[in-house]
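Here is the structure we will look at, set down as structure tokens.
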Amino acid sequence: GRTPERLARILRDCDEGAITDYAILAEEMEERDPHYASVLGTRKRAVSGVEAIVTPASEDPTDEELAQLVRDQITENPRFPDLVEDLLDAIGKGFSVVELHWATTASSWSIDGWDQIEARFLTLDRETGRELRLIDDADPLNGVALTPFQHVIHRPRLKSGPLQRGGLARLVAFSWMCKSYTLKDWMAFAETYGLPLRLGRYGPGATQQDIEALFLAVSNIGTDAAAVLPDSARIEFAQASGSQSESVFENLARYLDEQISKAVLGQTMTSDNGSSQSQAEVHNEVRHDLARADARQVSATLTEQIAVPLIELNHGVQARYPRIEIVVEEAEDLDLILRHTATLAERGLKVKAQEVRARLGYSDPDDDDEVIGGTPTAAAQTALARLMSTTAAAIPE
């Protein structure tokens, strides 16, 4: 039921602070478009799938104790990746709110769980248009203020400007609507031209009843695949003439998918068909930058709005606090590194074996360990020299 006029009205209302319809639209876009849901999920899991580390403010035993409290209560919780994904829902909508559930004893506060608040239950204050508020029966128009230490608000800075204009759903909405029209027209085209034209012929002596029976048979034979006709009537199937019109729909849908991939991932090579592995590796740089920025921003939210309240409720206000950090490492081409290392070693460069093992994830063997490898035989050394000379010739100076 989305039309260009209705989409424009939803975006105008969103600019004025009425974000309910926009929040519903952003949610439906994820539910109705497999491609958008896939690339958006990929961007979220590029961060939520990375193990978080807690860095103490210093090596002081008190700071170490505070860092361990954060590990026990937050980052080592099995549901912590789900919390990160709930916060990263803001990438699509521009904002996300999670409600913390606290458990208390006579001497401590602990996090007992959390739930994400659906975006359609949030609104903006009428005065500044910057403060997120919870829609409530007590004040349906302006909403009620979110509670500090209970509500975690994540606002990713994907672009400058108001938070309701910063979500990817706003950027993708027009392409999503055009793709919906394209798929609808494509299905209508397939229904019309996917079956051959059915012609019913009747003789001059056919009665009106015969004609009506023939018309009914022609109308239903596409689905029933059976008909009973008098001898005076016959049905012919005329194949539709060849047409390239179907490629228009496919090309347009594929083009719109590529634009959505660019908006969400910053590239299309690893998400769409027809791309070589080398192209994907080149374009993966941009995607890594996006994941690193998402990780940096959500790490700040986790530290400021979860770790700090947890510490202050249990130990009071501190001079410094530990940090929750999600560090997205860039993937390395280990094969290329090893080939260059072997070539440079043959040319006289000395490299620590410990560093090579660390790069590969291998540990140093103990004296009593069963090992693979060692001093190569004379034949192996000759073969290795021949291989290195070939590899060196292939590597530019």
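No lab work stands behind these numbers, since they all come straight from the coordinates. As the structure is a prediction and not an experimental result, all values here were calculated from the model. Cβ placement follows ideal geometry from the backbone for every residue including glycine, while neighbour counts extend to all protein chains displayed.
Extension gain, Asp368-Arg130: 0.36 nm per intervening residue step, less the Cα-Cα distance, totals 79.2 nm.
For the pair Asn142 and Cys178, label points projected 7 Å from Cα toward Cβ lie 4.2 nm apart. Entry for segment 81-145 at q = 0.14, 0.20, 0.22, 0.24 Å⁻¹: log10 I(q)/I(0) = -0.53, -0.87, -0.95, -1.01, Debye formula applied to identical alpha-carbon scatterers, no solvent contribution. The per residue volume of the convex hull around the alpha-carbon atoms of segment 103-216 is 295 Å³.
Computed extension gain for Gln68 through Ala345, at 0.36 nm per residue and net of the alpha carbon distance, reaches 95.4 nm.
Approximating the spin labels as points 7 Å out from Cα along Cα→Cβ, the His151-to-Arg320 distance works out to 3.3 nm.
When you count the other C-beta atoms within 10 angstrom of each residue and take the mean per peptide, 35-45, 306-316 line up highest first as 35-45, 306-316. A simple spin-label model places the labels of Val327 and Arg296 1.5 nm from each other, with each point 7 Å out along Cα-to-Cβ. In the structure shown, the pairs Lys93/Lys159; Lys44/Lys93; Lys44/Lys179 are assessed against 18 Å; a Cα-Cα span above that value is assigned to Lys44/Lys179. Gyration tensor over the Cα atoms of segment 1-53: the corresponding equivalent ellipsoid has semi-axes (square roots of 5 times the eigenvalues, largest first) of 29, 15, 7 Å.
For segment 1-103, the equivalent ellipsoid built from the Cα gyration tensor has semi-axes of 38, 16, 11 Å, listed from largest to smallest.
The value given for segment 23-167 is a Kirkwood hydrodynamic radius of 17.2 Å, derived from the mean inverse Cα-Cα separation. Looking only at segment 309-332, which residues have a backbone nitrogen under 16 Å from a spot 7 Å from the Cα of Asp60 in the C-beta direction? Inside the label zone: 311-312, 315-323.
Potential lengthening of the chain between Asn77 and Ala358 amounts to 98.3 nm, from the contour at 0.36 nm per residue minus the alpha-carbon distance.
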